[in-house]
Each structure stands twice: as structure tokens, then as C-alpha cells.
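Colleague: A single structure is presented below for examination.
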Amino acid sequence: MRKLVCKLGTGIGFTLLSSAALAAQEDALDTIWRMGVYVFLLFVVAVVVGVYFMRSRDKRRAPLDRIFEDRRAIQIHSVGPDTSVIECVRTMAGKKIGALIILEGGKLVGIFTERDALNKVLAAGLDPVTTKISAVMTRDPYCVPPTTTIGEAMEVVTQKRFRHLPVVEDGKVIAVISSGDLTHWLVKDQMVGDVQELVELAARS
């Protein structure tokens, strides 16, 4: 009887030990699997970040022409120097734009922005009805040719704190690029491309 009890106890002990060992093995496998998943996710993140910066660097080297490849679709919003401030503000509000260029005889002589309206008109207490735009515009604005790269244009608007940059070719304004246009073009289609690459990467894994 004593031998039977010992054998039974030994059997139960081995069973419990085997169950504990099996559970420990499953926990170890689960931990290894999770670590593998984390490593894979970190790898994917590293790939995405690398691809993003490489694409961003390449896109910064593109000329401004790339932003407005179809020049026929570009609208140049301009007024003459004798236009009143109130007319300019109404035009900007109606067109939902942040700046107007001032042309005289087809030549660029100035630019009027929302910042000018605030600082040079409202803050100065001028009457927008009687004040001519020539009195408050930014004269001889900084311009760049269409061959300027996106990166160079970004440096200009950042260092000089411009929000709008006229693009001039052969003495004629062909576009007005805003800092928002530059940023939007740099990130455009970036996320879509990254997601597609992730899908392809997962399929190969």
C-alpha cells in the first residue's frame, strides 16, 4: 500500500512538474514571439523613417517648376499701385489668398500681405478706404527664378521670415509660392508611398 501511494505521489509530481515545465516553455515561446514582433516593428519604423528622409532630401532638390508644372492653371492675383487697401483686402478675402502682387506697367513693384494689412494699416490707424496700396505695400519684394530648388526656397522663407515668394522669369511674375505650398508639396503623397512600402515589405517577410 505504501509503495502504491509512493508511486501515485511520484506520478502526480511528474505530472505537475511536466505541466509547469510546459507552461514555462509556452511562456518562453510567447515572449520570444513578442520580441520578434517588436523587433520587426522597429525595423519597419526604421525603414519608413529612412525612406521618408531620402525622399524628402530628393524632393528638396527639385526646382520650383515642379510645383506649378501646368502654368496655364496658375492664377496671378495682382492689382495696380493706386488700388485702395479696402479693395485689396476684399479681393484677398474673396479669393482666399494671403497676398497680392502689385504691378505697374506689367512690372512687379510690390507685394501686399495679410501681415502688411495688420502692421501697416490697422496698427498704424490708417483708413483702408482712402489709403492706396502703394503706401503700405512691401516694395521691391524678394523674388526667385523658377530654377530655384524647393530646398533653397524653403531656406529663403525660413531665414527671411517670408510667407510668400514671387517667382519671376524674364522679368515676368509667373507664380507666387507660399510657405504652405512648399510644405504641402514636400509631404504630398509621402504617407501613401510609405504605407505601400510597408505592405510590400510585410508581404516579403
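Yes/no per residue for (1) more than 21 Å from the chain's Cα centre (by Cα); (2) closer than 24 Å to Glu87 by Cβ:
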{"site": "Leu108", "(1), (2)": "yes, yes"}
{"site": "Ala135", "(1), (2)": "yes, yes"}
{"site": "Tyr142", "(1), (2)": "yes, no"}
{"site": "Glu152", "(1), (2)": "no, no"}
{"site": "Gln159", "(1), (2)": "no, no"}
{"site": "Ser179", "(1), (2)": "no, no"}
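Colleague: In segment 92-131, which residues are buried (at least 16 other Cβ atoms within 10 Å of the Cβ) and among the basic types (Lys, Arg)?
Modeller: Listed by number, the list holds a single entry, Lys120.
Colleague: Against the definition (more than 24 Å from the chain's Cα centre (by Cα), modelled with pLDDT of 80 or more, farther than 17 Å from Asp181 by Cβ and in a helix (DSSP H, G or I)), how does Val121 come out, yes or no?
Modeller: In short, yes.
Colleague: Here is a follow-up. Search segment 70-90 for residues that are modelled with pLDDT under 85 and pair each with any residue that is surrounded by fewer than 13 Cβ atoms within 10 Å (Cβ to Cβ) when their beta-carbon atoms are under 9 Å apart and the residues are at least 6 apart or on different chains.
Modeller: Pairs that qualify, where the first residue is modelled with pLDDT under 85 and the partner is surrounded by fewer than 13 Cβ atoms within 10 Å (Cβ to Cβ), are Gln75/Lys95.
Colleague: Further question on the same structure: Could you grab me the full set of residues in segment 140-193 that are acidic (Asp, Glu) and in contact with a strand residue (DSSP E or B) (Cβ under 6 Å, 6 or more places away or on another chain)?
Modeller: None; the set is empty.
Colleague: Right, another one. For Thr147, only one of the following conditions fails: (1) surrounded by 13 or more Cβ atoms within 10 Å (Cβ to Cβ); (2) in contact with a Pro (Cβ under 6 Å, 6 or more places away or on another chain). What is its number?
Modeller: (1)
Colleague: Now a separate question. Can you find even one residue in segment 99-107 that is among the basic types (Lys, Arg), at pLDDT below 95 and in the same structural domain as Glu169 (by TED's automatic domain parsing)?
Modeller: yes
Colleague: Turning to a different aspect of this structure: Residues Pro145, Pro141, Pro166: which one is closer than 14 Å to Pro63 by Cβ, in contact with a Leu (Cβ under 9 Å, 6 or more places away or on another chain) and touching a residue at least 24 places away in the same chain (Cβ under 8 Å)?
Modeller: The unique qualifying residue is Pro145.
The values are calculated or read from the model by the stated rules, or taken from the named source; none is laboratory data. Quick caveat: nothing in here was measured; it's all calculated off a predicted structure. Note that each Cβ is placed from the backbone with ideal geometry, even for glycine, and that neighbours are counted across all protein chains shown.
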